[in-house]
Structures are given as C-alpha cells and as structure tokens.
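So the structure is just underneath, and the comments pick up after that.
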Amino acid sequence: MVLKFKDHFSDRAALYATFRPLYPDSLFALLAGLTPEHRVALDCGTGNGQAALGLVNYFERVIAIDPSADQINHATAHARIDYRESCAESLAVADASVDLVTAAQSLHWFDAAAFFCEARRVLNPGGVIAVWGYGDPRLDSEELDETLRRFNHRTL
C-alpha cells in the first residue's frame with residue numbers, strides 16, 4: 001500500500017527537536033513490563049525520536065520510523081536506534097519480528113485501520129501495541145480555550 005504523505009513537519013523539524021517534551025521513564029517501564037520479550041520495539045511516527053530514546057533503555061533494539069526525512073535527520077542518534085524514513089501504514093519490517101509497536105502523539109496523522117493492520121502483522125505473539133498522546137491543554141483565555149477545544153474535538 002502506497003499512501004501520500006502530506007509533510008507538515010520538515011520545515012519545523014529543528015523546532016520539534018528543541019521543544020517537543022520527553023515522556024516519563026515510568027511510561028517506558030510500564031510498557032516493557034507488558035511485553036514478554038524485549039528484543040525489538042518499533043516506534044511509528046517517531047518525529048525526532050523522543051519515544052525511541054525512552055524505549056532504548058528497555059529494549060535491545062529500537063526501529064524508529066517517520067515519513068519526514070527532516071525529522072529523522074534531527075533525531076538524537078543512538079547506537080541501538082535504527083531510524084528509517086517510512087510511513088506507519090506500510091512498514092518495511094518482517095512479520096512477527098517486534099515485541100512492542102508504539103505511536104506516541106502521532107496516531108491522528110495515520111490511516112488508523114491500515115496502521116493497526118500493519119502493527120498486528122509485525123508483532124510477535126504476545127506483543128503489545130501502545131498508543132498515547134498528550135492531554136488537552138487549558139488556556140487562560142476562555143475564547144482561545146474554546147477554539148482549541150473545538151479544534152481538538154471536532155476538527156481533528
């Protein structure tokens with residue numbers, strides 16, 4: 001399956017690398033506790049690798065994919081992270097070859113049905129799919145807060 005990727009991120013990849021928040025280590029410890037094996041984790045929509053960096057502490061190897069080459073180019077290098085330019089809906093990963101598939105704050109950019117189909121294909125028996133995102137921020141201005149809430153809950 002070949003999907004057209006609308007690149008919203010390459011022109012701001014350096015800003016993502018600088019300002020995107022990291023996730024707590026307790027999240028990765030919890031995820032690692034859910035998987036029977038800890039050989040390979042696959043982080044889909046990795047951006048510049050925030051989740052991949054947390055996963056590498058619990059898995060022997062992390063494959064981190066993003067369709068934006070500029071995001072990958074701004075990712076933090078690590079000897080056990082294999083960054084690849086790829087879409088989450090068409091994973092260049094062997095069947096039943098990973099223990100954990102993650103999508104950190106990225107599922108809303110995917111064709112969800114295609115992503116979950118691919119995730120199931122690449123998972124080892126007993127493997128886990130984990131998807132998470134940030135909570136909705138609250139703004140001080142009621143008008144702006146309502147605009148943001150409408151965007152998050154209706155538009156997206």
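The values are calculated or read from the model by the stated rules, or taken from the named source; none is laboratory data. Worth saying up front: this structure is predicted, and the values here are computed from it rather than measured. Virtual Cβ from ideal backbone geometry, glycine too; neighbours counted across all protein chains shown. Each accessible area value is taken on the protein alone, full model and side chains, heavy atoms only, with ligands, DNA and RNA left out. Shrake-Rupley method; radii C 1.70, N 1.55, O 1.52, S 1.80 Å.
Can you find a residue that is open to solvent by less than 10 Å² (accessible area, probe 1.4 Å), acidic (Asp, Glu) and in contact with a helix residue (DSSP H, G or I) (Cβ under 7 Å, 6 or more places away or on another chain) anywhere in the stretch 69-86?
Applying the first criterion (open to solvent by less than 10 Å² (accessible area, probe 1.4 Å)) to the stretch 69-86 yields 71.
Subset that is acidic (Asp, Glu): none.
Taking every residue of the stretch 69-86 in turn, none turns out to be open to solvent by less than 10 Å² (accessible area, probe 1.4 Å), acidic (Asp, Glu) and in contact with a helix residue (DSSP H, G or I) (Cβ under 7 Å, 6 or more places away or on another chain).
Taking Asp140, is it touching a helix residue (DSSP H, G or I) at 6+ places or on another chain (Cβ under 7 Å) and either without any contact (Cβ under 8 Å) to a residue 60 or more places away in the chain or within 16 Å of Tyr23 (Cα to Cα) (or both)? Here the answer is no, as Asp140 does not meet what is asked. Here Pro36 meets the list (1) open to solvent by 70 Å² or more (accessible area, probe 1.4 Å); (2) under 19 Å from Ser106 (Cα atoms) almost entirely, failing just condition (2). The set of residues in the stretch 125-156 being at pLDDT 95 or above, under 16 Å from the mean Cα position of the chain (by Cα) and open to solvent by less than 50 Å² (accessible area, probe 1.4 Å) consists of Val128, Ala130. The set of residues in the stretch 105-116 being in contact (Cβ under 8 Å) with a residue 12 or more places away in the chain and out of contact with any strand residue (DSSP E or B) (no Cβ under 6 Å at 6 or more places or on another chain) consists of Gln105, Ser106, His108, Trp109, Phe110, Asp111, Ala114, Phe115, Phe116.
In the stretch 100-121, the residue that is surrounded by the most Cβ atoms within 10 Å (Cβ to Cβ) out of those that are of a type in the set (A, V, I, L, M) and over 14 Å from the mean Cα position of the chain (by Cα) is Ala114. Close contacts from the stretch 56-81, counting a first residue that is among the polar types (S, T, N, Q) and a second that is open to solvent by 70 Å² or more (accessible area, probe 1.4 Å), with Cβ to Cβ under 9 Å and a gap of 6+ residues or different chains, come to Asn57/Asp25; Ser68/Asp7; Ser68/Glu85; Gln71/Glu85. Out of all the residues in the stretch 90-99, is one or more hydroxyl-bearing (Ser, Thr, Tyr), under 15 Å from the mean Cα position of the chain (by Cα) and surrounded by 19 or more Cβ atoms within 10 Å (Cβ to Cβ)? Within the stretch 90-99 (the criterion being hydroxyl-bearing (Ser, Thr, Tyr), under 15 Å from the mean Cα position of the chain (by Cα) and surrounded by 19 or more Cβ atoms within 10 Å (Cβ to Cβ)), the answer is no, since none of the residues qualifies.
Quick grid of which residues meet (1) among the polar types (S, T, N, Q); (2) more than 16 Å from Gly133 (Cα to Cα); (3) under 13 Å from the mean Cα position of the chain (by Cα):
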site: His38; (1), (2), (3): no, yes, no
site: Asn57; (1), (2), (3): yes, yes, no
site: Gln71; (1), (2), (3): yes, yes, yes
site: Ser86; (1), (2), (3): yes, yes, yes
